[in-house]
Amino acid sequence: MGGESSSKTIETTLGRALFNETLPANYPFVNEEVKKSKLGEVINDLAERYSKVQVAATLDALKEAGFRWATRSGVTISFADVVAPSAKAGLLAEAEEKADKIQKQYDRFDCRLRASPGTNRSMD
């Protein structure tokens, strides 16, 4: 009869449910992992089916949900997760050399400035 709605129970994940909440209400439920390529397919499909205004609103909702849930995911990064480049020692040595060179240039300039006649700087 009119006014009755049909409902169907499906097995999914919380992430998929949250993703689908950002899509237009009459868009088909996406019940699969949404990687970059799938996201592109969904966006292209939205652009074909809906107005620019609706697509823009959906993209804004996706972006907002992404930022919101990414900060609540509980993912952590440890120093053990970071892989140091094999050239780390060389890079650090090169940076130290440059820093020493700049420091020496500064020291020479500072000494010249202090030794210049007519300066008001005191000799430490």
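Taking every alpha-carbon pair in the stretch 14-70 and binning the separations at 5 Å intervals from zero gives 4, 19, 32, 31, 12, 2 percent.
Amide H contacts of residue 22 (H built 1.01 Å from N, in plane; Pro and chain starts excluded): no residue 5 or more places away or on another chain comes under 5 Å. For residue 88 and residue 69, the difference between the fully extended length at 0.36 nm per residue and the C-alpha to C-alpha distance is 3.4 nm. Couplings 3J(HN,Hα) of the stretch 14-20, computed from phi: 4, x, 5, 5, 5, 4, 5 Hz, in residue order, whole Hz [Karplus 6.51 cos²θ - 1.76 cosθ + 1.60, θ = phi - 60°; x for Gly and Pro].
Applying the criteria of a DSSP loop state and at most 15 other Cβ atoms within 10 Å to the trypsin sites (Lys or Arg not before Pro) of the stretch 27-102 yields 35, 72. Of the chymotrypsin sites (Phe, Trp or Tyr not before Pro) found in the stretch 17-86, those in coil by DSSP whose Cβ has at most 15 other Cβ atoms within 10 Å are 29. The modelled label-to-label distance for the pair residue 17/residue 41, using points 7 Å beyond Cα in the direction of Cβ, is 2.4 nm.
In loop segments of the stretch 1-65 as defined by DSSP, the GluC sites (Glu not before Pro) with at most 14 further C-beta atoms inside 10 Å of their C-beta are 4, 11, 32, 33.
A short reminder: the numbers here are calculations on the coordinates, not readings from a lab. Just so it is clear, the model here is predicted, and its values are computed rather than measured. Glycine gets a Cβ as well: all are built from the backbone with ideal geometry, and neighbour counts include every protein chain shown.
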